[in-house]
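This report refers to the structure that appears directly beneath it.
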There are 2 protein chains.
Amino acid sequence: MKDFNQLSERQRKIVRFMVQYHERFGYPPTIREIGDATDIRSTSVVNYNLNKLVSAGYLQRSDKVSRGLRLVAVPPLGQSDKARKVSQFTRVPLVGHIVASAPVPIPEDVGHYYDEEALMELPPSLLGNADPAQVFALTVKGDSMIDAMIREGDIVILHSQAEARRGDMIAAWLPGRGETTLKYYFPEDDGRVRLQPAHPTLPPIYVPASELEIKGRVLTVIRKLS
Amino acid sequence: MKDFNQLSERQRKIVRFMVQYHERFGYPPTIREIGDATDIRSTSVVNYNLNKLVSAGYLQRSDKVSRGLRLVAVPPLGQSDKARKVSQFTRVPLVGHIVASAPVPIPEDVGHYYDEEALMELPPSLLGNADPAQVFALTVKGDSMIDAMIREGDIVILHSQAEARRGDMIAAWLPGRGETTLKYYFPEDDGRVRLQPAHPTLPPIYVPASELEIKGRVLTVIRKLS
DNA sequence: TTGACGTAGGAACGAATGTTCGCTATACTC
DNA sequence: GAGTATAGCGAACATTCGTTCCTACGTCAA
């Protein structure tokens, strides 16, 4: 969380405007409304600064969603420079189980409606900067993911995505083996992918990039003992 | 203000969905999202029922504004409201590191004030029924707790306590070995204690009860990957 | 029966809105 | 000076999303 005073003047204005706007209307402003309120002529500049605010930990954004903005921190009321966290949890749908022997059950539409029982509260800090609308949770069945340091009963928080960056931990389906796996993702130059287990002493496996379907990126693993 | 039960089933569903949606995303849904969630095929029908809800005093609408919806009344205290009241988040202090080779750094007074940076928001579901004032968090240093399926960087949420119940996972100090360990606690009849690693294939160790200082009970383990 | 009314579905229109791209300017580093 | 990162503008594009219109099917009263 960047200090409020370290933001640019425009970024501070944006945050202040968003607080006001939300109080007044109950929903977030559009990019153009932000631009009008902060004397920014171009929507792309607003967009640019919004992304900065996401990195700084003040906002979350949902891609391609109108008004898909959510404040996760607000500026101090008085003279103190610290930002105040907005105590706002995200509710993540718990959509099923993950097993080594079956594909990952990705919800067709993660942002869809789910039963209240199947929602799990998470603080934004556990979601990184991920778009909450693309996040879901699965409980682990069986001990077949022990090489990922994951046990039966653990909860895996995933961001639904088909591509990953080098070093991400991913949930992938290997059609050749008929297997779901959780591993660190390292594409190699020869068109293969090295999949590295979380356990430091276990060897990686190599598969052709064409034999790997990335289903999501692992954001967090939670083990509830009580 | 019309009574909630006088609304049509669809209208009640819409209101309930909007409450949930706002909790999850922080902004209101679109007409189409409402339709999907409440099994209404046509946007015009959703629109129609939204206008009904405005008349009934549950909503306000802004014309021609995407997501221009605002709840002005919430359903009477049902299941969902009760759940929401109880689910107040907790801020847990992150007080240091846990290493196998050193004692657990228990804060003298867990309920003390800590720097904002060192506070971690957690939903109550991850604390079980533990007294939040006695809960603290540590980050794991080194891979020496791999037998507990815990890695460097993991966060361990502990409840400060000197005694445990059979089957609890505990953080204990073994003065004889000069070692901190995280294991499942099984007191035996002969005055010894069996300490069982989380990893299912690893053997337990046995220590005399007098050689075991219980420092806390593990509530949750969190692995943040992003 | 007929007509009014409430509710529902489907399709199409047009405005609202997020995204992308090319270009410029400034500051800083090597 | 060349190269790079940050910040800015404007225009065009692609989608999302609210609105409107037409149709259909009940119920109920005249």
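If I go through segment A:39-49 residue by residue, how many of them are crowded, with 19+ Cβ neighbours inside 10 Å and more than 6 Å from DNA strand D (Cβ to nearest atom)?
Residues flagged as crowded, with 19+ Cβ neighbours inside 10 Å and more than 6 Å from DNA strand D (Cβ to nearest atom) within segment A:39-49 amount to 1.
Which one is farthest from residue A:25 (Cα to Cα) among residues in segment B:21-40 that are without any contact (Cβ under 8 Å) to a residue 12 or more places away in the chain and either assigned to a helix (DSSP H, G or I) or facing chain A (nearest Cβ under 9 Å) (or both)?
Among those that are without any contact (Cβ under 8 Å) to a residue 12 or more places away in the chain and either assigned to a helix (DSSP H, G or I) or facing chain A (nearest Cβ under 9 Å) (or both), it is B:36.
If you go through segment B:128-144 one residue at a time, how many are more than 10 Å from chain A (Cβ to nearest Cβ) and open to solvent by 10 Å² or more (accessible area, probe 1.4 Å)?
The total comes to 8.
Can you tell me which of B:43, B:38 is at pLDDT 90 or above and either assigned by TED's automatic domain parsing to the domain that holds residue B:125 or over 30 Å from residue B:137 (Cβ atoms) (or both)?
Checking each option against the conditions leaves just B:43.
Which residues, counting only those in segment A:162-219, are open to solvent by less than 60 Å² (accessible area, probe 1.4 Å) and in contact with a helix residue (DSSP H, G or I) (Cβ under 7 Å, 6 or more places away or on another chain)?
A:174, A:175, A:182, A:183, A:187, A:191, A:193, A:197, A:198, A:199, A:219
Right, residue B:68: open to solvent by less than 50 Å² (accessible area, probe 1.4 Å), within 11 Å of another protein chain (Cβ to nearest Cβ) and without any contact (Cβ under 8 Å) to a residue 24 or more places away in the chain or not?
Considered against the rule, which asks whether it is open to solvent by less than 50 Å² (accessible area, probe 1.4 Å), within 11 Å of another protein chain (Cβ to nearest Cβ) and without any contact (Cβ under 8 Å) to a residue 24 or more places away in the chain, residue B:68 comes out as no.
Name the residue, out of B:157, B:170, that is of a type in the set (Val, Ile, Thr) and under 18 Å from residue A:154 (Cβ atoms).
Matching residue, one of B:157, B:170: B:157.
Hey, can you tell me all the residues within segment A:1-11 that are farther than 18 Å from residue A:60 by Cβ, assigned to a helix (DSSP H, G or I) and touching a helix residue (DSSP H, G or I) at 6+ places or on another chain (Cβ under 9 Å)?
Those that are farther than 18 Å from residue A:60 by Cβ, assigned to a helix (DSSP H, G or I) and touching a helix residue (DSSP H, G or I) at 6+ places or on another chain (Cβ under 9 Å): A:5, A:10.
Kindly provide the set of residues from segment A:50-65 that are open to solvent by 50 Å² or more (accessible area, probe 1.4 Å), more than 8 Å from DNA strand C (Cβ to nearest atom) and within 14 Å of chain B (Cβ to nearest Cβ), ordered by number.
Across segment A:50-65, the qualifying residue is only A:55.
Look at residue B:30 and say whether it is of a type outside the set (Gly, Ala, Ser), under 28 Å from residue A:129 (Cβ atoms) and at pLDDT 85 or above.
It is true that residue B:30 is of a type outside the set (Gly, Ala, Ser), under 28 Å from residue A:129 (Cβ atoms) and at pLDDT 85 or above.
Answer yes or no as to whether residue B:45 is within 12 Å of DNA strand C (Cβ to nearest atom) and free of Cβ contacts under 8 Å to residues at least 12 places away in the same chain. Lay out the reasoning, then the answer.
On the way: within 12 Å of DNA strand C (Cβ to nearest atom): yes; free of Cβ contacts under 8 Å to residues at least 12 places away in the same chain: yes.
Yes.
Among (1) in a helix (DSSP H, G or I); (2) buried (at least 18 other Cβ atoms within 10 Å of the Cβ); (3) within 12 Å of DNA strand D (Cβ to nearest atom), which single condition is residue B:15 missing?
If we test residue B:15 against (1) in a helix (DSSP H, G or I); (2) buried (at least 18 other Cβ atoms within 10 Å of the Cβ); (3) within 12 Å of DNA strand D (Cβ to nearest atom), just (3) comes out false.
Looking only at segment A:184-194, decide whether some residue is assigned to a strand (DSSP E or B), small (Gly, Ala, Ser) and more than 10 Å from chain B (Cβ to nearest Cβ).
Checked against the condition, which is being assigned to a strand (DSSP E or B), small (Gly, Ala, Ser) and more than 10 Å from chain B (Cβ to nearest Cβ), segment A:184-194 yields no hits at all.
State all residues of segment B:145-161 that are within 21 Å of residue A:197 (Cβ to Cβ) and open to solvent by 30 Å² or more (accessible area, probe 1.4 Å); if no residue qualifies, say none.
Result: B:146, B:147, B:151, B:152, B:153.
Which numbered condition trips up residue A:224, out of (1) in contact with a Ser or Thr (Cβ under 9 Å, 6 or more places away or on another chain); (2) of a type outside the set (Ser, Thr, Tyr); (3) open to solvent by less than 60 Å² (accessible area, probe 1.4 Å)?
(3)
The values are calculated or read from the model by the stated rules, or taken from the named source; none is laboratory data. All values derive from a computational prediction rather than experimental measurement. Using ideal geometry, Cβ is built from the backbone for each residue, glycine included, and neighbour counts are taken over all protein chains shown. Note: accessible area is taken over every heavy atom of the protein model, side chains too, but ligands, DNA and RNA are not part of it. Shrake-Rupley method; radii C 1.70, N 1.55, O 1.52, S 1.80 Å.
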